[in-house]
1. Please identify the pairs in which a residue from the stretch 68-95 that is surrounded by fewer than 15 Cβ atoms within 10 Å (Cβ to Cβ) has its Cβ atom under 7 Å from the Cβ atom of a residue that is hydroxyl-bearing (Ser, Thr, Tyr), counting only partners at least 6 apart or on another chain.
2. Tell me which residues, restricted to the stretch 68-98, are over 19 Å from THR25 (Cβ atoms) and in a helix (DSSP H, G or I).
3. Any chance you could count how many residues in the stretch 44-67 are assigned to a helix (DSSP H, G or I), surrounded by fewer than 16 Cβ atoms within 10 Å (Cβ to Cβ) and of a type in the set (A, V, I, L, M)?
Amino acid sequence: MDNQTQTEIEAAVLQRLIDHLRNRTDVQNIDMMNLAGFCRNCLSRWYAEAAAEKGISIDKLESREIIYGMPFEKWKKHYQKEASPEQQKKFQETHQEV
């Protein structure tokens, strides 16, 4: 497989993941962090970092809107729930600084 084809496939996979997460608003970021070690906010940060490597400046809110498919504050208002004590405890356990 040539590099261009690989890049196109990787881009399609990423877009599919983004679309999937936009449709799964029931999945909370803290659950993703606790299970996979990344969330939508991580994806948006990685997006902005990749853009910066290409000399394109995208701020935090712009990159979040790209990943969430809407302004971040709107997503939070409609879909984000308060993390339970169990979720918070798991997050603390799995994200301790070593």
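What follows draws every value from the coordinates through simple rules; no lab data is involved. All figures in this text were calculated on a predicted structure; none of them were measured in a lab. Reconstructed Cβ throughout: ideal geometry from the backbone, glycine too, with neighbour counts over all protein chains shown.
1. From residues that are surrounded by fewer than 15 Cβ atoms within 10 Å (Cβ to Cβ), there are no pairs.
2. Step one: filter the stretch 68-98 for residues over 19 Å from THR25 (Cβ atoms), giving 85-86, 88-98.
Across the stretch 68-98, the qualifying residues are PRO85, GLU86, GLN88, LYS89, LYS90, PHE91, GLN92, GLU93, THR94.
3. 5
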